[in-house]
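The structure appears right after this line, and notes come after that.
The values are calculated or read from the model by the stated rules, or taken from the named source; none is laboratory data. Small disclaimer: the values here were computed from a predicted structure and weren't measured. Backbone-built Cβ (ideal geometry, glycine too); neighbour counts: all protein chains shown. What goes into the accessible areas is simple: the full protein's heavy atoms, side chains included, and nothing from ligands, DNA or RNA. Shrake-Rupley method; radii C 1.70, N 1.55, O 1.52, S 1.80 Å.
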Amino acid sequence: MGNIAACCRSFWCKPKNPDIRISLPAICFVWQIAMIILFGLFVRYDDESDAHWSEHKHKNNITSDIENDFYYRYPSFQDVHVMIFVGFGFLMTFLKRYSFGGVGFNFLIAAFGLQWALLMQGWFHSLDPNDVKVDFCIYIINADFCVAGCLIAYGALLGKVSPVQLMVLTLFGITLFAVEEYIILNVLHVRDAGGSMVIHTFGAYYGLTISWILYRPKLDHSKNLSGSVYHSDVFAMIGTLFLWMYWPSFNSAIADHGDGQHRAAINTYLALAASVLTTFAISSLSAKKGKLDMVHIQNATLAGGVAMGTAAEFMISPYGSLIVGFVCGIISTFGYLVITPFMEKYLKIQDTCGIHNLHAMPGVLGGVVGAITAATASESVYGHEGLVNTFDFEGNYAKRTPATQGGFQAAGLCVALAFGIVGGAIVGFILRLPCCWGDPSDENCFDDEVYWEVPEDEESIPPILEYSSHMVGKNTDMMSQSNYTVEQS
Amino acid sequence: MGNIAACCRSFWCKPKNPDIRISLPAICFVWQIAMIILFGLFVRYDDESDAHWSEHKHKNNITSDIENDFYYRYPSFQDVHVMIFVGFGFLMTFLKRYSFGGVGFNFLIAAFGLQWALLMQGWFHSLDPNDVKVDFCIYIINADFCVAGCLIAYGALLGKVSPVQLMVLTLFGITLFAVEEYIILNVLHVRDAGGSMVIHTFGAYYGLTISWILYRPKLDHSKNLSGSVYHSDVFAMIGTLFLWMYWPSFNSAIADHGDGQHRAAINTYLALAASVLTTFAISSLSAKKGKLDMVHIQNATLAGGVAMGTAAEFMISPYGSLIVGFVCGIISTFGYLVITPFMEKYLKIQDTCGIHNLHAMPGVLGGVVGAITAATASESVYGHEGLVNTFDFEGNYAKRTPATQGGFQAAGLCVALAFGIVGGAIVGFILRLPCCWGDPSDENCFDDEVYWEVPEDEESIPPILEYSSHMVGKNTDMMSQSNYTVEQS
Amino acid sequence: MGNIAACCRSFWCKPKNPDIRISLPAICFVWQIAMIILFGLFVRYDDESDAHWSEHKHKNNITSDIENDFYYRYPSFQDVHVMIFVGFGFLMTFLKRYSFGGVGFNFLIAAFGLQWALLMQGWFHSLDPNDVKVDFCIYIINADFCVAGCLIAYGALLGKVSPVQLMVLTLFGITLFAVEEYIILNVLHVRDAGGSMVIHTFGAYYGLTISWILYRPKLDHSKNLSGSVYHSDVFAMIGTLFLWMYWPSFNSAIADHGDGQHRAAINTYLALAASVLTTFAISSLSAKKGKLDMVHIQNATLAGGVAMGTAAEFMISPYGSLIVGFVCGIISTFGYLVITPFMEKYLKIQDTCGIHNLHAMPGVLGGVVGAITAATASESVYGHEGLVNTFDFEGNYAKRTPATQGGFQAAGLCVALAFGIVGGAIVGFILRLPCCWGDPSDENCFDDEVYWEVPEDEESIPPILEYSSHMVGKNTDMMSQSNYTVEQS
């Protein structure tokens, strides 16, 4: 019996070996080759990107090339793309010695994730799954959205997992996302253009559950590396600002043409502005002498955008958007001050970037706001045609009322939560299997040295070198003098 | 009598207490709540962002959603938005220990300013001030423009004022801007699409006058922090480049559709390119061995864009744009070399970012160039219809001649100057009232420590820690040896 | 005879004097004035940016301002513009003490280059060279493309040449580019929308040949500055990510309207994603414990975009794009590991940024892929009309077959190579002439101190100052104690 326990312990608690020389290249090659094969089997250009476009134009009486969906969607796509790679990437550079890992692994998993997401999107949404047509209109922007879910989850695990684990997390995350999104958007017919539920709630609980299962009791051994330095905080502001500026594009990218996109952008823009003011207020209020904390400014200012993910395309009205942003800035900053330390101490959930405050709480709130706004929608506010367009009350759903829609919206939120928690539990368990994951030991968390060739330090730049050598020289002189005196005496 | 003087002195010269724990949260909450109430009372979606859009389309025979103004203006808006938050924000990170304040307070006041600007724009330009309709077309881009004026003013005060003072400066700045802009553009019917006068001249003299009133005689006590370090200069280049690249969007964002926007972008692009070469030339010419100065490269390269703010949409011709850029690069760099030190020493105007060189002088020059270009416009160059379109010689102004227009342009410049100086004097006086402004003492200027939780320093990253402790160890050893020898002897 | 040799030696090997106080301002002023004169003589607004646009509209039955080419091309132009100034600029900040030179000189030569390129483009492509009309449609995007060729060449020479040499390199580079591009695109009627051959192959071999001629045998004297530091690598990632994200815009910017642009963007996007995975794989595989190298991640991840420059607008199919990216990531990373050191040691080619791996090899590969894809094009895949549109088989070329086109594509690649190597040899020879180039000595390469006023160092920020002074104090104390003991003894 003792043997079995010992055996179990040795099975589950093998000493960490962060060597990824075989595992990372293997997983990259195998999965990239799999992508090539699957793309070869399933993916084709769609009508708008195929060389037969000119024939397609004649057939469909399209008079001008500007009707090609490329011109409608490409600018929005590029904004979202910048959010994924520069926004999320640089937001994660804030740790003093994990900037390479923050921006680098973000790059790796996003580049893999979007290929897999493109396929999953195609399979779930194509008319004919054997003939997936790629276009920018839906699939490529949606692929970036899928990836966002996994990057949010990465935020909770930053510095504590290996790139191999991240690749696995991404593979499963994208798969779960595609199923969850299909159920929420297609089966339940829920509206969620900016993904408060589908992206943020799912991604955050997925990451938090994994982090809970991978709990590291001795993480304080890496305590000296778990903070920022002056310039790493400035780097993180690059991420924050690009996320903040382009969030209106994120929430409006796949909203309805015309008024839908226009309204989604305005609502998000207003909510974000309000979040900034309340974040500064609470951050200042909570510290001695009113000193502001960069962690709050980098993160909680974005909470308004997260919370408008569902309701942005509804007629929530400009002041409604401001109220949502106002409340979210407060809740999110409060989360960084109180809830994150509480969760770490009592719930054993270590959340490096505080995604619970930036994505989980505002995401859930966004889902609730969306449900309420939908339930209270009326023809007097939207107009008949507007109501039908906004909520897509057509075909099978022609008879759905706003109140019913509100209920379905709430159901969608529950589905997102369930997928996040159950999916996270399964993937967390897989990532804990004693396998050559290459994750760092508790002493080496938050340290780029583990996975990167880190250059010699700032110290060795010449003016300082000189200075140092000067000092060392002095010391040596003194040493010899001292020695001399010792000898003398 | 002596008592009164002493009393006055103690009234005006209370010791500084940079505690903003009550004042900053209070001002943020009160103003954000005021915004919510005012938006609730006054702001509605306009026809293009309202759910009634589909009915609006039928009524107005609009056939395609692409006619929604969102698709015309959104990309330009995003470029301008990046200039405001990343451009201005990072340009102000150049100080060695005020990068948090530079990019952070820029973020705060821009987020507040654009809400207030949106309201002011609506009240001044809406047909019905009780029913302000928000759209991207005019108000949201214009709100960013208003904010730009206040951020320019912030440049003169960087590191010397508290966030509370900045919020007040922004509130008044936006208000003054709206009145000034209304007088210049609507009453005088002046053209100023890129805001050489309305934005740059006004903003710069507003900031310089405030800085003059808040003059700090002992600012050299913070001298050790008033420069840059290597990497803070690289951060500032992010701001410079995004401003430089997107300036054609800034000057063309609200120009006339079609040829107006097209021409404004080309002219600005050419002027900016010419500024870069003359800035490098003068910077190199002025230093021993021709060494370039990052301050010049970060700022004076942008002067061409400022100076084209008015004339960009006119037929100034490509080589005319190059000449404007050529001259501005020289003047602006020369300003940094000679005028800024002169102003600080003799005029008691402390101008942290040198906005006099980047915005004031090129702005005035831009106004003059605009007036001359307008006065010399002719039907042979513009065509009859082109002349009418470009200068909007319609309705009440149908009989205005180019020469008269030139006169009005010059009058507009004077209005901008007057508003900047008088407004700045009033606001400067308010900001000097002995109140709990929380501004730093002369010793603590340019120091993030005052308002921010600054992380432990680069020094404490492990490789250096090790090294340091090694040295300290050595020293301790030596110390003990020395002591030993002392004892010995 | 000995005298002549000595004379030659003294002629060719004058001691380096990196004083550019006369030469840089002179060259900037002369060239900028020349630009103004030439623009005055030759450049006019085209129909779309002239104030006569409204008359042009009536004449050509254009109903809406949105038909102005500005709205088709401006967003793509801005993406490319960001790649040139932020992408290339920040990619070159990776050296520990050459970040000012990397981003600053990139700014200078790009700003000059685009003016000269605009003129050359106009002269070569205008119907009437005496009346060059500027529009965004072709010339301004193309000007950025020309500049890209010169910036690639700068990559090989980074840190080893003076700004004066760079200006000359750019003048000749743009000129050669214009001729080469005219021959390839117009005379040979080759398709190369993203410039695998025209931009990357030409630029890379141009730079490598110049670097070969300017070989510095004692470059290891600057060895201590030829690497990165932690934060300089993070800065370089800004460049990498903006290049990576916007590369689909680069390859699609001047592709055919409609399906051409759409397909080019998708193909480039897929190739780039595949490159990321294989770069991470090879980088990890090549190092002890699988540690990743930032140099590979910063550069080789972009190789897929380079290699898709020609074939992006063809029907290479999605999985074909993935294969190209897959192969390029491997080749490029392998190049950094093996070929660059080999070239430096045996071929005497010093390639600071490794442009041989990022631009030369993938560029040539891209040309070959393009030739093969063109040669195997068929009506069954493209449709008759699609084939004609894609390869522009019209007018004089109406009878060209895909197979012939493939041959011409290969010929185009040879032309690009020849122009790069021969042009580089001539320009390299000119740059070696004993003249006041102001290039740095071998000891001062990669050092901003030579051309820039470098600010005092991070060391002197207060918390550390304190610490240092504390230590120095200690040492002084010890010193005196030691001295004392010495004296004592």
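With a cap of 16 neighbouring Cβ atoms within 10 Å, and only residues DSSP puts in a loop, list the GluC sites (Glu not before Pro) found in segment B:348-413.
Passing sites in segment B:348-413 are B:394.
Provide the solvent-accessible area of residue B:349, counting protein heavy atoms only and rolling a 1.4 Å probe, rounded to the nearest 10 Å².
Looks like 30 Å² after rounding.
Compute the convex hull volume of the Cα atoms of segment A:132-262, divide it by the residue count, and report the result per residue in Å³ as a whole number.
132 Å³
Taking each pair of different alpha-carbon atoms in segment A:268-357 once, compute 1/r for the pair, average those values, and report the inverse of that mean as the Kirkwood hydrodynamic radius in Å to one decimal.
In segment A:268-357 this quantity evaluates to 13.2 Å.
Please grab the % of Cα pairs in segment A:203-253 that end up more than 15 Å from each other.
Pairs farther apart than 15 Å: 70 percent.
Give me the summed buried accessible area for the C-B pair, 1.4 Å probe, to the nearest 100 Å².
8000 Å²
So if we plug the beta-carbon distance of residue C:348 and residue B:289 into 1/(1 + (r/R0)^6) with R0 = 30 Å, what FRET efficiency do we get, rounded to 0.05?
FRET efficiency, residue C:348 to residue B:289: 0.50.
Work out from phi, with θ = phi - 60° and the Karplus expression 6.51 cos²θ - 1.76 cosθ + 1.60, the ³J(HN,Hα) of each residue of segment C:357-363, listed in order in whole Hz, and give x for Gly and Pro.
Each residue of segment C:357-363 in turn: 7, 8, 10, 5, 5, x, x Hz.
If you keep only loop residues by DSSP, which trypsin sites (Lys or Arg not before Pro) in segment B:197-265 have at most 15 other Cβ atoms within 10 Å of their Cβ?
B:218
To test your reading of the geometry: what angle, between 0 and 90 degrees and rounded to tens, separates the Cα axis of helix C:99-125 from the longest principal axis of chain C?
Tilt of helix C:99-125: around 20 degrees.
Could you list, bin by bin from short to long, the percent of Cα-Cα pairs of segment C:45-135 in 10 Å steps?
15, 30, 30, 17, 7, 2
Per the Debye formula with a single identical scatterer at each Cα and no solvent contribution, what log10 I(q)/I(0) holds for chain B at q = 0.08 Å⁻¹?
-0.53
Considering just Cα atoms, how many Å³ per residue does the convex hull of the protein assembly as shown enclose?
In the protein assembly as shown, the Cα convex hull volume per residue is 211 Å³.
Every other copy gets compared here: list the nm distances from the residue A:385 label point (7 Å along Cα to Cβ) to its counterparts, shortest first, one decimal.
Sorted ascending, the copy-to-copy spacings read 3.1, 3.1 nm.
Using the Karplus curve 6.51 cos²θ - 1.76 cosθ + 1.60 with θ = phi - 60°, what ³J(HN,Hα) values do you get for each residue of segment A:76-88, in whole Hz, with x for Gly and Pro?
Once rounded to whole Hz, the list reads 4, 4, 5, 4, 5, 4, 5, 4, 5, 8, 8, x, 4.
Could you order B:125, A:189 so the one with the most accessible surface comes first? Probe is 1.4 Å.
B:125, A:189
With no solvent and one point per C-alpha, what does the Debye sum give as log10 I(q)/I(0) for segment C:358-413 at q = 0.25, 0.26, 0.31 Å⁻¹?
The Cα Debye sum returns log10 ratios of -0.95, -0.99, -1.20.
Considering only Cα-Cα distances, which of the following residue pairs are longer than 27 Å: B:223/B:348; A:160/A:288; A:291/A:345?
Where the Cα-Cα span goes over 27 Å, the pairs concerned are A:160/A:288.
Once you have the Kirkwood Rh of segment A:295-399 from its Cα pairs, apply Stokes-Einstein at 25 °C and 0.890 mPa s and quote D in µm²/s.
Calculated translational D: 163 µm²/s.
Run through the other copies and list how far each one's label point is from that of residue B:372, in nm with one decimal, shortest first; the point sits 7 Å from Cα along Cα-Cβ.
Between copies, matching label points for residue B:372 lie 6.0, 6.0 nm apart.
Ordering A:244, B:31 from largest to smallest accessible area (1.4 angstrom probe), what's the sequence?
The most accessible residue leads, giving B:31, A:244.
When 1/r is averaged over all different Cα pairs and the result inverted, which Kirkwood radius in Å belongs to segment B:200-332?
16.3 Å
Post the alpha-carbon centroid distance, segment A:331-382 to segment C:208-257, in whole angstrom.
A separation of 42 Å, based on Cα centres.
With a 1.4 Å probe and all protein chains kept in place, how much accessible area does residue A:421 have, in Å² rounded to the nearest 10?
Number for this one is 80 Å².
Please find the FRET efficiency linking residue A:430 to residue B:384, where r is the Cβ-Cβ separation and R0 is fixed at 60 Å, and quote it to the nearest 0.05.
Once rounded, the FRET efficiency stands at 0.20.
Could you compute the FRET efficiency for residue A:392 and residue C:124, with r as their C-beta to C-beta distance and R0 at 41 Å, rounded to 0.05?
According to the calculation, E is roughly 0.20.
At 1.4 Å probe size, with the rest of the protein present, what percent of the exposed accessible area of the protein assembly as shown is carbon and sulfur atoms?
63 percent
I'd like the orientation of helix A:462-488 relative to chain A: the angle between its Cα long axis and the longest Cα principal axis, in ° from 0 to 90, rounded to 10.
20 degrees
Send over a whole-number figure in Å² for the accessible area per residue of segment B:17-128, probe 1.4 Å.
30 Å²
For segment C:151-199, just run the numbers: alpha carbon Rg, then divide by 2.2 N^0.38 Å, N being how many residues it has.
With N residues counted in segment C:151-199, Rg over 2.2 N^0.38 Å equals 1.35.
Could you list which residues have their amide H under 5 Å from that of residue B:44, counting only those 5 or more apart in sequence or on another chain, with H placed in the peptide plane?
Amide H neighbours of residue B:44: B:132, B:133, B:134.
Any idea what angle helix B:318-334 forms with the longest principal axis of chain B, computed on alpha-carbon atoms, 0 to 90 degrees, nearest 10?
Helix B:318-334 sits roughly 30 degrees off the main axis of chain B.
Suppose you put the label 7 Å out from Cα in the Cβ direction; list, shortest first and in nm with one decimal, how far residue A:67 is from each other copy's label.
With the label placed 7 Å along Cα→Cβ, residue A:67 yields 1.6, 1.6 nm.
With every protein chain left in place and a probe of 1.4 Å, what is the accessible surface of residue A:42, to the nearest 10 Å²?
Its heavy atoms expose roughly 40 Å² to the probe.
Heavy-atom accessible surface, probe 1.4 Å, ligands and DNA/RNA ignored: which residues of segment B:200-236 lose at least 10 Å² versus the isolated chain?
B:224, B:225, B:228, B:229, B:230, B:231, B:233, B:234, B:235
Which residues of segment C:90-104 end up with at least 50 Å² less accessible area in the presence of all protein chains than when their chain stands alone, using a 1.4 Å probe?
Listed in order, they are C:90, C:96, C:97, C:100.
Hey, what did chain A get for relative contact order, percent, Cα under 8 Å, at least 6 apart?
Across chain A, relative contact order equals 22 percent.
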